[in-house]
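The values are calculated or read from the model by the stated rules, or taken from the named source; none is laboratory data. Since the model is a prediction, treat every value here as computed from it, not as a measurement. Virtual Cβ from ideal backbone geometry, glycine too; neighbours counted across all protein chains shown. The accessibility values were calculated without ligands, DNA or RNA, using every heavy atom of the protein model including side chains. Shrake-Rupley method; radii C 1.70, N 1.55, O 1.52, S 1.80 Å.
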Amino acid sequence: MSTKLRRTVARGLALAAAGATIAALGAACGGAGFDPKSKVDSVRLLAARADKPYAKPGDTVSLEVLAYDGRANPTRPMRHYFLPFVCLNPPADQYFGCFLPGVLASPDGGVPSRDAGGGGAGGGQGGTLLADVPDGTDLTPVLVQGTRFSYKVPDSAVIARRESPDEPYGLTIVFTVACAGRVVFKRPDIVTRQQVPLACADEDGKPLPASEYVIGIHRVYVYDKKSNENPVLEGLTLDGKPVDPAAGITIDRCTLSKRADCPELKIDAVVPESSWQIQEGVKAADGSEAREQIWVDYYLTHGEIEGARLIYDIASGRVPESGAKLTAPVAPGLGTLFAILHDNRGGIAWKHVPVTVK
């Protein structure tokens, strides 16, 4: 690929990728069918966390992604990539607004270019830059491979907002891709403002199914004064007893003919009260300062588990019955349990432990 084409692909990709389909903040979409969200049997982006959930202008933010390949019989390895650009303050804070010129910053905190091409948010055209990228072009060489990515927040990131004149803020968006193949440019057949012109293909350029790639997003809000820290996930318990993170969980398989009769175990998260932080400027119903809401999402590769449980309520604090039901599968085998802890201001922590079903 020539230097000129590489620049064109990279800049066009940064505009195009803003149309990615996203399922959740700091999380991801992927897989097919109607299996529960907690079941992991495909390429998944389970979470992405920033070391500074709320950043300040000039900060260096480090992102880390938790990606997992849950395919039973993978034919190609899954790899994870970051798009090498930061979307800054898109219109209306919508990720698809990153199509517009003037919202892309370089990872070193460079001011967004105002000559990034015309076309507006015209649903995948992205101006002349995208028009110069041939359909099927392998974009992998211009991506950043790995699960960690750092960038500097531009000094001018915080801007005035008509909808919140007393609280200016900024927003940075970073896009990620997990793909069991090559990331290629795919011009959409039907132009929609939210459609992403990216695909995952095999060595011959044949498109791979949704179970083998996923595109994700991570937002970091920027304030001059506000701050937030990631919650702390100290550990997990099984039926009230601490889980050794190295040994993990060992359970017996269910041999009963009726699945509903299988015994249920309780998984819970150990989260100190210090993680239940005050939300500056937010008042509770009684007029006191509101605190964060904290919850945990569970994912399991072998067996069944409830997907989400509330840990701390905004007003009442620690929820007494926060355990998630875990049901062993019929077949023995090895798996992994993931616990992803969230607060309602973008803070994230996680742990994963091995699961042995006898």
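Assorted remarks:
- Toward the positive end of the charge dipole of segment 218-358, with +1 on the Cβ of Lys and Arg and -1 on the Cβ of Asp and Glu, the farthest Cα among Trp276, Leu310, Gly287 is that of Leu310.
- The dipole here belongs to segment 283-358: it is taken about the Cα centre, uses +1 on the Cβ of Lys and Arg and -1 on the Cβ of Asp and Glu, and is about 220 debye.
- The alpha-carbon of Lys37 sits under 24 angstrom from the alpha-carbons of these lysines, leaving out residues fewer than 8 places away in its chain: Lys258, Lys266, Lys325, Lys351.
- Within straight-line cross-link reach of Lys206, lysines at Cα separation under 23 Å, skipping those fewer than 8 residues along the same chain: Lys186
- In this simple spin-label model, placing a label point 7 Å from the Cα along the Cα-to-Cβ direction at both Ile314 and Glu167 gives a separation of 1.1 nm.
- Close amide H partners of Lys52, meaning residues 5 or more places away or on another chain with modelled amide H under 5 Å apart, are Ser62.
- ³J(HN,Hα) computed for each position of segment 49-58 - Karplus, 6.51 cos²θ - 1.76 cosθ + 1.60, integer Hz, glycine/proline x: 10, 9, 5, 10, x, 10, 9, 10, x, x
- Label sites at Arg259 and Ala247, each approximated as a point 7 angstrom past Cα along Cα to Cβ, lie 3.1 nm apart.
- Segment Asp286..Ser156, full-extension length gain: 43.1 nm, with 0.36 nm per residue of separation and the alpha-carbon distance subtracted.
- Probe 1.4 Å - accessible area at Thr255, Å² to nearest ten: 100
- Backbone HN-Hα couplings from phi across segment 253-263 [Karplus 6.51/-1.76/1.60, Hz, Gly and Pro as x]: 5, 8, 9, 6, 6, 9, 4, 5, 8, 5, x
- The simple spin-label model puts a point 7 Å past each Cα toward its Cβ; for Asp202 and Asp41 those points are separated by 2.1 nm.
- Taking 0.36 nm per residue of separation and subtracting the Cα-Cα distance, full extension of the segment from Asp135 to Ser62 would add 23.0 nm.
- Among residues other than Leu265 with Cβ under 13 Å from its Cβ, the summed charge is -2 (Lys and Arg +1, Asp and Glu -1).
- Carbon and sulfur %, accessible surface of segment 143-186 computed with the full protein complex present, 1.4 Å: 48
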